[in-house]
Amino acid sequence: MSVAIHGWIGVMLAGLLAWTPGAALGAPIGAPAAKAGWTVSSIELVPDPLSVLRFSLELHSSVPTRAWAVFGEDGSDETVTTSATTLSRDHSIGIWGLMAERDYIATVYVEGPDGLGGVETVEAGVVPISVGHLPPGLVQVSAASFAPHDTRYVLFDGECDGFEALIIADHQGNIVWYQPFNADIGAFDFTDEGTVLLNLDYLVLVEMELDGTVLRQWLSSEDGGPINEYIHHEVFKQDGLYYVITAESYDWDGVTYINDGVQVFDEDATLVLEWDMADTLADPTLYPTEHAYDCEFWNDLFDSAADWTHANSLHIDRDGNWLISLRHQDAVLKINNGGMDESSPDFGRLEWWLGEGGDFAWGPDTISSQWFEMQHHARTLEGGTLLMFDNANSAASARVITMNLDTSTWQTEITREQTLDLYCESRSSVYLTEHDHFLATCGPVATIREYSLEGEVIWQLSASEPTSCPDCVRPTMYRSIPLDTLYP
């Protein structure tokens, strides 16, 4: 595939942000541990040039040890314990989850041998941390709580006036982490390993730690990397494999169409599996859509190509096969992946089509017989229930729904429905919280809401224009992801 890169990203992680870290050094220690005689060097506080909310504590021990820190706002009893470093003499303890323009105290602990065959923990030093101002281009965030809720942190994207960043805010609306990029942020996910996975400018896949360490940076094939098709809408990692939705163009009967697909990579960037929509639904004229083919999403990359499916989410179902949401078909498809074997005769087989005119009819207990429209973020929950964000573009309000599917009777039922009273014509997402609340994100208006089981809004977060650009167009969100902790 030949791809045109619109001015290669260069150094992707932006490095032009001003920071005022209030640098501090821990007092030199050098004192021996009580029983074993090992020592720890002085502790250095190192600010992160890309984020004022992130620091590292650097120290050295005379023998292999583990180290961590406990920090909290100066004068507060609430503290956060960082992850412990691996056994080493040189340590870098990441500090994040801070709020701007606040002062913190970090206490460093080191665990080493006690000389008797066991281990001993010593307090290695206390370090003050002063946090500077947020960059003026970052979106503003506000939150409100109306009742007890489950949300603690949310990860979302914020772009306004050319400043692109991933952001984590706490339930009070405080930005506690951000990572800027000088490239367009596409799909992103928070992995089970506590890393952030995202694609940039459709052609780069990045995995990074919350401390800013880039674990993987896979470039396009034109730049010597493994990415040979445009990536869009979905990236995630499961069981050591990296899944992405891709797009290329193909011709059918003299018309150029978008051909969505799935690519799967291992941790060494080896392409282990590839599937294309055209292999399953070969003739796009058999699947007419009421939605415009000339979707502006692809206009810059595929001139005048018919965007007849517009895949926007991928999920691995309980049996290992794939659920793919097709926005422009108002449908969710189940695709057999042949046990992740392209040579299997089952590979690429369409198992079922969910949507109006598809394989399922409404069951007798459905609470609504309104089919979803231009939906996003479809996937199954642990019990097999299907959860999705229904953008419902022809209606006055988007909604989130759960559906039961019975392939023995080919009936489906909407079991739960929550209207948002928001018009969300694109993007958007929904998650289920600890107590089965809906956490719904209306992307076009950059609003995240948690709904109780009774359908009440019990928490809300909104993003607005940055202070540097009060007249900018309101920021949007791709989706938001709930997080329980910043140190998984």
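Looking at segment 87-118 only, could you name the residues that are touching a strand residue (DSSP E or B) at 6+ places or on another chain (Cβ under 7 Å), assigned to a loop (DSSP other than H, G, I, E, B) and modelled with pLDDT of 95 or more? Before the answer, list the steps.
In the first step, residues of segment 87-118 are kept if they are touching a strand residue (DSSP E or B) at 6+ places or on another chain (Cβ under 7 Å); the result is 87-100, 102-114.
After this cut, where a residue has to be assigned to a loop (DSSP other than H, G, I, E, B) as well, the list is 87, 96-100, 102, 114.
LEU87, TRP96, GLY97, LEU98, MET99, ALA100, ARG102, listed by residue number.
Table: residues versus (1) outside any strand (DSSP E or B); (2) under 20 Å from LEU203 (Cβ atoms).
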site: TYR243; (1), (2): no, yes
site: GLU248; (1), (2): no, yes
site: ASP251; (1), (2): no, no
site: ASP268; (1), (2): yes, yes
site: VAL272; (1), (2): no, yes
site: ASP279; (1), (2): yes, no
site: ASP303; (1), (2): yes, yes
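May I ask you to list the residues in segment 220-269 that are acidic (Asp, Glu), without any contact (Cβ under 8 Å) to a residue 24 or more places away in the chain and more than 25 Å from ARG479 (Cα to Cα)?
Going residue by residue through segment 220-269, those that are acidic (Asp, Glu) are 222-223, 229, 234, 239, 248, 251, 253, 260, 266-268.
Cutting the leftovers down to without any contact (Cβ under 8 Å) to a residue 24 or more places away in the chain gives us 239, 251, 268.
ASP251, ASP268 - these are the residues of segment 220-269 that are acidic (Asp, Glu), without any contact (Cβ under 8 Å) to a residue 24 or more places away in the chain and more than 25 Å from ARG479 (Cα to Cα).
Please name all residue pairs, on different chains or six or more residues apart, with Cβ atoms under 7 Å, provided the first residue is in segment 367-382 and is β-branched (Val, Ile, Thr) and the second residue is buried (at least 18 other Cβ atoms within 10 Å of the Cβ).
Filtered contacts from segment 367-382: ILE367/ILE414; THR380/HIS315; THR380/LEU323; THR380/LEU386.
Within segment 147-192, take every residue that is under 13 Å from the mean Cα position of the chain (by Cα) and not in a strand (DSSP E or B) and give me the one that is nearest to ILE481 (Cα to Cα).
THR191
ASP341 - would you say it is of a type in the set (Asp, Glu) and over 22 Å from GLU229 (Cα atoms)?
no
Does ASP421 meet the test of being closer than 19 Å to PHE146 by Cβ and touching a residue at least 12 places away in the same chain (Cβ under 8 Å)?
The answer is yes for ASP421.
Determine, yes or no, whether ASP201 is touching a His at 6+ places or on another chain (Cβ under 9 Å) and surrounded by fewer than 22 Cβ atoms within 10 Å (Cβ to Cβ).
yes
Identify all residues within segment 398-422 that are out of contact with any Ser or Thr (no Cβ under 9 Å at 6 or more places or on another chain) and surrounded by 18 or more Cβ atoms within 10 Å (Cβ to Cβ); write none if there are none.
GLN418
The values are calculated or read from the model by the stated rules, or taken from the named source; none is laboratory data. No experiment lies behind these values; they were computed from the predicted model shown. Heads up, the Cβs are rebuilt from the backbone with ideal geometry, glycines too, and the neighbour counts pull from every protein chain shown.
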